[in-house]
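*Asks:* Sharing a structure below in structure tokens format, with a few things to ask.
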Amino acid sequence: IPDTVATTVLGGPSLDAVGLLPPAVTGFPHDIWGMGKSAEIATALTKVNPEGVPALQSLLITLLLAEAEAPADSRGKGDLLLARIDKLLAMGALDQAQALIAVAGASASAELFRRDFDVALLTGEEDTACDVLKTSPGLAPTLMTRVFCLARAGDWNAAALTLRTAEALGNTDETEDLLLSRFLDPEQFGDEPMPAAPTPITPLIWRIYDALGEPLPTATLPPAFAHADLSDRAGWKAQIEAAERLSRAGAIPPNVLLGLYTDNAPAASGGVWDRADAFQRFDAALSKGDVPTIEQRLPLAYARMKDAELEVPFAALFAGQLSKLQVSGDTARIVYELGLISTDYERLAKQGNGAKDARNVFLAGLASGSVAGLTAPDSMARAIAPAFTAPQMPADVADLVAQKRIGEAILQAMLRIESGLTGELVKVTEGLSILRKLGLEDVARRTALQLMILERRG
């Protein structure tokens, strides 16, 4: 049976075309989704999760923020836009999601407003979001939202009346009723224990528990909730742990981590305190240009960053400065590795003074994009090498490219590399080959270098 023919208004605006980054910035074609279908693209976005490979995380965020023609079946509904925003939220990239919502217009639909409101709840800007509902009450996605905002505005009577009316009409469930009743009048419950948190935890439920003095820990919740612990209301330890988590997801800039690590003196030892202490001691030595002390402190600081899988943010902060120093021994090896996992990998690889063993020679070849004739030192290198000597586009991905479905081809590259890290390494070969065949040479090289140096194997 033939597929239903997709129709759209020629020249009409489409929410799915909204983006922050034009083709001149992304390097992607303007029709990156080609003949693809919105639902299939959204499904692929849901599946992809390049955790542990920062180069791919960055590529995914760029793809999600890209300004591009809407898929042919879009009809201006914004389904793909919502899927893109949801993926950003799932990654913890709240600033990026909020910016994308702002370009589309948070009031353009109740679904966009709901996501904007979720971001506001986790970043402490809920009063601003509630102000929107004063003039557009129809945007309120749930009863809880309406009652919450009325109470935040100080209109407790209206909030209580709204809740009681909903109860009388049977429009609340038991959990909503209990939480909202406590929120509106906590004194009537005395010392009664708080009800068990429902599943799933939404940002609004999290905020209500927090307002009642029973904050739910964010460590076991999705990454987006970590933003709530970045505020000054959270303790320093919680702030650092939140920044580490979001840095691993590629959701915040490295300078946020730098600022928090150096904000106070560690209060204890172990875990996050050891990382902060090692980071501070190294940073102080580097600020003074004290090479002997840098050589003493860098290995421990780098080891602590590796423990938390924060090598790439660390490299972004310090690789450039370190490359200008004359160091030796283990410090020279670390400086070389940091250069290779930085965005300036090609230049720093050429000036680096790493040992000339087979591994470093191969890494230098990857940095230049040429490993022909070089010895692959391990199984990961053997999987990477064919993508740089004789890359082949898989037939199914070639079909996507023929239909101008470049965005989906990029997602397939990510999915294959993810799969390769937990199983067949040949999938790594395929994923890197796709990236190179699509002209994403810089991403392919950075990904390959990170796969070897970071050793993120499932």
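The values are calculated or read from the model by the stated rules, or taken from the named source; none is laboratory data. On a predicted model such as this, the values are computed, not experimentally measured, just so you know. In this analysis, Cβ positions are derived from the backbone assuming ideal geometry, glycine residues included, and neighbour counts consider all displayed protein chains. In case anyone asks, the SASA skips ligands and DNA or RNA and just uses the protein heavy atoms, side chains included. Shrake-Rupley method; radii C 1.70, N 1.55, O 1.52, S 1.80 Å.
*Asks:* So which pairs qualify, if the first residue must be in region 206-229 and outside any loop (DSSP other than H, G, I, E, B), the second must be open to solvent by 30 Å² or more (accessible area, probe 1.4 Å) and of a type in the set (Lys, Arg), the Cβ gap must be under 7 Å, and the two must be at least 6 apart or on different chains?
*Replies:* 223/245; 226/245
*Asks:* Given the structure, is residue 309 closer than 30 Å to residue 256 by Cβ, at pLDDT 95 or above and over 31 Å from the mean Cα position of the chain (by Cα)?
*Replies:* No: the conditions fail for residue 309.
*Asks:* Identify, please: which residue in region 168-196 is among the acidic types (Asp, Glu) and either outside any helix (DSSP H, G or I) or more than 39 Å from the chain's Cα centre (by Cα) (or both) and is, among those, surrounded by the fewest Cβ atoms within 10 Å (Cβ to Cβ)? Walk me through it before giving the result.
*Replies:* Our first condition is that a residue be among the acidic types (Asp, Glu); within region 168-196, this holds for 173-174, 176-177, 185, 187, 191-192.
Then keep just the ones that are either outside any helix (DSSP H, G or I) or more than 39 Å from the chain's Cα centre (by Cα) (or both); that gives 173, 185, 187, 191-192.
Details: 173: 10, 185: 11, 187: 6, 191: 4, 192: 10.
Step by step, filter region 168-196, then rank; the result is 191.
*Asks:* Could you check residue 341 against (1) over 19 Å from residue 446 (Cβ atoms); (2) open to solvent by less than 10 Å² (accessible area, probe 1.4 Å) and say which number it fails?
*Replies:* Going through the list (1) over 19 Å from residue 446 (Cβ atoms); (2) open to solvent by less than 10 Å² (accessible area, probe 1.4 Å), residue 341 breaks only (1).
*Asks:* If I ask for residues that are outside any loop (DSSP other than H, G, I, E, B), of a type in the set (A, V, I, L, M) and either touching a strand residue (DSSP E or B) at 6+ places or on another chain (Cβ under 6 Å) or surrounded by fewer than 24 Cβ atoms within 10 Å (Cβ to Cβ) (or both), which ones from region 418-443 would you list?
*Replies:* Matches in region 418-443: 421, 426, 443.
*Asks:* Could you list, in sequence order, the residues of region 290-310 that are buried (at least 22 other Cβ atoms within 10 Å of the Cβ) and within 17 Å of residue 447 (Cβ to Cβ)?
*Replies:* Matches in region 290-310: none.
*Asks:* Which one is surrounded by the most Cβ atoms within 10 Å (Cβ to Cβ), of the residues in region 197-243 that are more than 23 Å from residue 257 (Cβ to Cβ) and polar (S, T, N, Q)?
*Replies:* Among them, the one singled out is 202.
*Asks:* With the requirement that a residue be within 13 Å of the chain's Cα centre (by Cα), hydrophobic (A, V, I, L, M, F, W, C) and outside any helix (DSSP H, G or I), what does region 233-251 give you?
*Replies:* Those that are within 13 Å of the chain's Cα centre (by Cα), hydrophobic (A, V, I, L, M, F, W, C) and outside any helix (DSSP H, G or I): 249, 251.
*Asks:* Let me ask you something else. If residue 73 meets every condition in (1) of a type outside the set (Lys, Arg); (2) within 14 Å of residue 83 (Cβ to Cβ); (3) at pLDDT 95 or above apart from one, which number is that one?
*Replies:* With (1) of a type outside the set (Lys, Arg); (2) within 14 Å of residue 83 (Cβ to Cβ); (3) at pLDDT 95 or above applied to residue 73, the lone miss is (3).
*Asks:* Turning to a different aspect of this structure: In region 374-411, which residues are open to solvent by 50 Å² or more (accessible area, probe 1.4 Å), in a helix (DSSP H, G or I) and free of Cβ contacts under 8 Å to residues at least 24 places away in the same chain?
*Replies:* Correct list: 389, 395, 396, 399, 402.
*Asks:* Let me ask something additional. Out of (1) under 22 Å from residue 342 (Cα atoms); (2) surrounded by fewer than 23 Cβ atoms within 10 Å (Cβ to Cβ), what's the single condition that is false for residue 446?
*Replies:* With (1) under 22 Å from residue 342 (Cα atoms); (2) surrounded by fewer than 23 Cβ atoms within 10 Å (Cβ to Cβ) applied to residue 446, the lone miss is (2).
*Asks:* Checking the conditions here, which among 55, 42, 24 is more than 20 Å from the chain's Cα centre (by Cα) and of a type in the set (A, V, I, L, M, F, W, C)?
*Replies:* 24
*Asks:* Restricting to region 120-156, and then to whatever is open to solvent by less than 30 Å² (accessible area, probe 1.4 Å) and touching a Pro at 6+ places or on another chain (Cβ under 8 Å), can you tell me which residue is nearest to residue 231 (Cα to Cα)?
*Replies:* 122
*Asks:* If you don't mind, there's one more thing I want to ask. Take the conditions farther than 17 Å from residue 33 by Cβ, modelled with pLDDT of 95 or more and assigned to a helix (DSSP H, G or I) and apply them to residue 414. Does it pass?
*Replies:* The answer is no for residue 414.
*Asks:* How many residues does region 324-351 contain that are within 13 Å of residue 298 (Cα to Cα) and out of contact with any Ser or Thr (no Cβ under 7 Å at 6 or more places or on another chain)? Give the steps one after another, and end with the answer.
*Replies:* First, the residues of region 324-351 that are within 13 Å of residue 298 (Cα to Cα): 325, 327-338.
The next check asks that each one be out of contact with any Ser or Thr (no Cβ under 7 Å at 6 or more places or on another chain); those that pass are 325, 327-334, 336-338.
Number satisfying all stated conditions: 12.
Residues are listed down the side, and each one gets a yes or a no for (1) of a type in the set (Phe, Trp, Tyr); (2) over 26 Å from residue 254 (Cα atoms); (3) buried (at least 22 other Cβ atoms within 10 Å of the Cβ):
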position	(1), (2), (3)
16	no, yes, yes
22	no, no, no
30	no, yes, no
37	no, yes, no
72	no, yes, no
77	no, yes, no
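Rundown of residues vs (1) at pLDDT below 90; (2) under 24 Å from residue 216 (Cα atoms); (3) not small (Gly, Ala, Ser), yes/no style:
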| site | (1), (2), (3) |
| --- | --- |
| 125 | no, yes, yes |
| 141 | yes, yes, yes |
| 162 | no, no, yes |
| 166 | yes, no, no |
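*Asks:* Residue 85 versus (1) touching a Lys or Arg at 6+ places or on another chain (Cβ under 6 Å); (2) surrounded by fewer than 23 Cβ atoms within 10 Å (Cβ to Cβ); (3) hydrophobic (A, V, I, L, M, F, W, C): which is the lone unmet condition?
*Replies:* In the conditions (1) touching a Lys or Arg at 6+ places or on another chain (Cβ under 6 Å); (2) surrounded by fewer than 23 Cβ atoms within 10 Å (Cβ to Cβ); (3) hydrophobic (A, V, I, L, M, F, W, C), residue 85 misses (2) alone.
*Asks:* Does at least one position in region 287-294 carry a residue that is farther than 24 Å from residue 125 by Cα, in contact with a helix residue (DSSP H, G or I) (Cβ under 6 Å, 6 or more places away or on another chain) and in a loop (DSSP other than H, G, I, E, B)? Please lay out each step first, then the result.
*Replies:* Here is the first cut: in region 287-294, the residues farther than 24 Å from residue 125 by Cα are 287-294.
When the remaining residues are screened for being in contact with a helix residue (DSSP H, G or I) (Cβ under 6 Å, 6 or more places away or on another chain), the result is 293-294.
Checking which are in a loop (DSSP other than H, G, I, E, B) leaves us with none.
For region 287-294, residues farther than 24 Å from residue 125 by Cα, in contact with a helix residue (DSSP H, G or I) (Cβ under 6 Å, 6 or more places away or on another chain) and in a loop (DSSP other than H, G, I, E, B): absent.
*Asks:* Determine which single condition residue 198 fails, assuming it passes every other condition in (1) under 26 Å from residue 53 (Cα atoms); (2) at pLDDT below 95.
*Replies:* (1)
*Asks:* Of the residues 308, 301, 315, which single one is under 22 Å from residue 254 (Cα atoms) and touching a residue at least 40 places away in the same chain (Cβ under 8 Å)?
*Replies:* Answer to the selection: 308.
*Asks:* Please enumerate the residues belonging to region 13-63 that are under 22 Å from residue 402 (Cβ atoms) and without any contact (Cβ under 8 Å) to a residue 24 or more places away in the chain.
*Replies:* Within region 13-63, just 43 meets the criteria.
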